[in-house]
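Just so you know, all these numbers are worked out from the coordinates, no wet-lab data involved. It should be emphasised that the depicted structure is a prediction, and the values quoted were computed from it without experimental measurement. So basically every Cβ, Gly included, is an ideal-geometry build from the backbone, and we count neighbours across all protein chains shown.
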Amino acid sequence: MVGAPGTGKTMTAKAIAGELQVPVFTVQLDRLLTKYMGEASSKLRLIFEQIKRIKGVYFFDEFDAVGSSRDLGNDIGEIRRILNTFLQFIEQASNDSVILAATNHMSLLDKALFRRFDDVLEYNLPDKKLIIQVFKYRLNNLDTKNINWEKIAEQSLGLSFDEITKICHDIQKLRVLNSYKTLSNKIVLSAIKDRKNTNNI
């Protein structure tokens, strides 16, 4: 799964696990890397042994941490060994489990990885239509008849689904604190501005 942060990759893994009624296990691959030679490959072996034992959805996040192309000039030997180990293990993995991998940087991945996966799913930032849908869904308990959705969507372009959801949570908190039921453009635009400022910190 390829896409910017907050576009739904982790949610997809959880949704698949929910549909299959199996647990989801998230593996933070960047945490496998250590200064000791061979340690990361040993940890990876333990993970794939669990994949064989326990049926589930295994979500390898931040995949570019170990899946970077072996042709990159700045690649180091240990990363190459981890990648080769992963390629070997995934071919031997149990068919009872689902293996998912996510990255924000598709261009960094080794091409050999794509032959080991059945599909590549691309996740994009929401367009205006989707932005409006998310706002309306998350704020459906408020009176939004005075909202200029086109203006709200315009100001929200470039934000992820996750960021828009957090904006709606901020608005809902304000609703509780201020006891209002009708939403205005000013309130929504202010929440968007505050979230953008938070992201820039």
Quick one: which of Lys14/Lys173; Lys55/Lys166; Lys136/Lys173; Lys9/Lys173; Lys173/Lys196 span more than 21 angstrom between C-alpha atoms? Lys14/Lys173; Lys55/Lys166; Lys9/Lys173
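So for Phe114, Phe25, fewest C-beta neighbours within 10 Å to most, what's the order? Don't jump to the answer; show the numbers that get you there.
Values: Phe114 11, Phe25 17.
If I rank by nearby Cβ atoms, fewest first, I get Phe114, Phe25.
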Going by amide H atoms built from the backbone, whose H comes under 5 Å of the H on Thr26, apart from near neighbours? Phe59
Linear extension gain, Gln92 paired with Tyr180, 0.36 nm per residue minus alpha-carbon span: 25.9 nm
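In the chain, what percentage of the DSSP-assigned beta bridges are antiparallel, given to the nearest 5? Walk me through the numbers before you get to the answer.
Details: 1 of 14 bridges.
That works out to approximately 5 percent antiparallel.
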